[in-house]
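The values are calculated or read from the model by the stated rules, or taken from the named source; none is laboratory data. Model, not experiment: these values are computed from the prediction. Here the Cβ positions follow ideal geometry from the backbone for every residue, glycine too, while neighbour counts run over all protein chains shown. Just the protein is used for accessible areas: all its heavy atoms, side chains included, with ligands, DNA and RNA removed. Shrake-Rupley method; radii C 1.70, N 1.55, O 1.52, S 1.80 Å.
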Amino acid sequence: MRLGDPQRTMLTGTVLSILLISATPLIGAVFTLLLLAQAMRGWLQGVVQPLMFSVQAKAVGRYRQGSVVGLRQTMNRLAAIVIPPVMGAIADQWGAGASFVILGTVMLILSAPVALITRRAQRVETSAIHAQSQNPQAEAR
């Protein structure tokens, strides 16, 4: 977390993971490429997951951390319930390969608002820090 912006790293890792998973039908014929993509995705998960836990823990007070864990688990279970039938319906209509690409595209589109919200929150935080440094007496009150 000290090496860079953890929220940007999480978002970048998530987007790259989506791209690697979506590329499965395009590289599936070449086992070595598929293995490399899976290894990269696993490495990204190993980087992003601890960051996610840390960012979530720091974002809420110590008495709300259980709520954050519950929300994360609920969303993981919801995704595990919703995504397979949706992907199956897409595969029935347009084919299994297309289902990876279509669902990946939808996931990338859903990542855009998260990127905008994160960027906006960082600007607000930077502005607050800048304003505080301009008026150090306000903190003393």
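Between M40, M87, M75, the Gaussian network model of the chain with springs among Cα atoms under 10 angstrom shows the greatest mean-square fluctuation at M75.
Oblate is the label for the stretch 1-84. Its Cα gyration tensor axes, ordered a ≥ b ≥ c, give a/c of at least 1.5 and b/c at or above a/b.
Around the Cα centre of the chain, unit charges on the Cβ atoms of Lys, Arg, Asp and Glu (plus for the first two, minus for the last two) sum to a dipole of about 480 debye.
Accessible surface of the chain, 1.4 Å probe: 66 percent of it comes from carbon and sulfur atoms. Running a GNM on the chain with Cα contacts under 10 Å, which residue among G88, G61, G46 ends up with the highest mean-square fluctuation? Checking each option, the largest mean-square fluctuation is seen for G61. A straight line joining the Cα centroids of the stretch 1-76 and the stretch 97-126 runs 13 Å. Note on the chain: GNM, Cα springs under 10 Å; of R41, R123, R72, the largest mean-square fluctuation is that of R123. Helix 31-59 and the long axis of the chain differ in direction by around 30°, with both axes built from C-alpha atoms. Of the listed values [x] 34; [y] 23; [z] 43, grab the one calculated as percent of Cα pairs over 28 Å apart from the structure here. Comparing each candidate, only [x] matches the computed number.
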